[in-house]
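K.L.:
Input: one structure, supplied below.
Read-outs throughout are calculated quantities, based only on the coordinates presented, and are distinct from any laboratory measurement. All values derive from a computational prediction rather than experimental measurement.
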Amino acid sequence: MTDETVMAMTYLAMKIALSLAGPLLLVTLIVGLLISIFQAATQINEMTLSFIPKLLAVGLAVVLLGPWLISTMVDYIQELFSQIPGLVS
């Protein structure tokens, strides 16, 4: 296994991880921003107010994006397994 192979595999793993985590983090960011705007407008300073809406939003995003997340991960793992014979020699 060469250095280039390791770097290519690491790059692909990081790219997949970012593409899987990105939409969920974006949903959390948007919901947190909306809750912060609501808190600023109503002057409610409760730190735990944003927890439940974020949790529900991420749960909904996982339900909606679940098939895409699973298929992306399965494709990546199948690609890794197909590369194993070439890495052994």
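K.L.:
Provide the per-residue ³J(HN,Hα) series for the stretch 62-76, in order, calculated from phi with Karplus coefficients 6.51, -1.76, 1.60 and θ = phi - 60°, each as a whole number of Hz, with x at glycine and proline positions.
P.N.:
Once θ is set to phi - 60°, the couplings for the stretch 62-76 become 5, 5, 6, 9, x, x, 5, 4, 5, 5, 5, 5, 5, 4, 5 Hz.
K.L.:
Can you give the relative contact order of the chain as a percent, counting alpha carbon pairs under 8 Å and 6+ residues apart?
P.N.:
Relative contact order, the chain: 40 percent.
K.L.:
Which whole number in µm²/s is D for the stretch 13-89 by Stokes-Einstein, with the Kirkwood Rh taken over Cα pairs at 37 °C and 0.692 mPa s?
P.N.:
The Stokes-Einstein estimate is 220 µm²/s.
K.L.:
Roughly what angle does helix 3-42 make with the longest principal axis of the chain, taking Cα atoms, 0 to 90 degrees, to the nearest 10?
P.N.:
Here the helix axis deviates by roughly 10 degrees.
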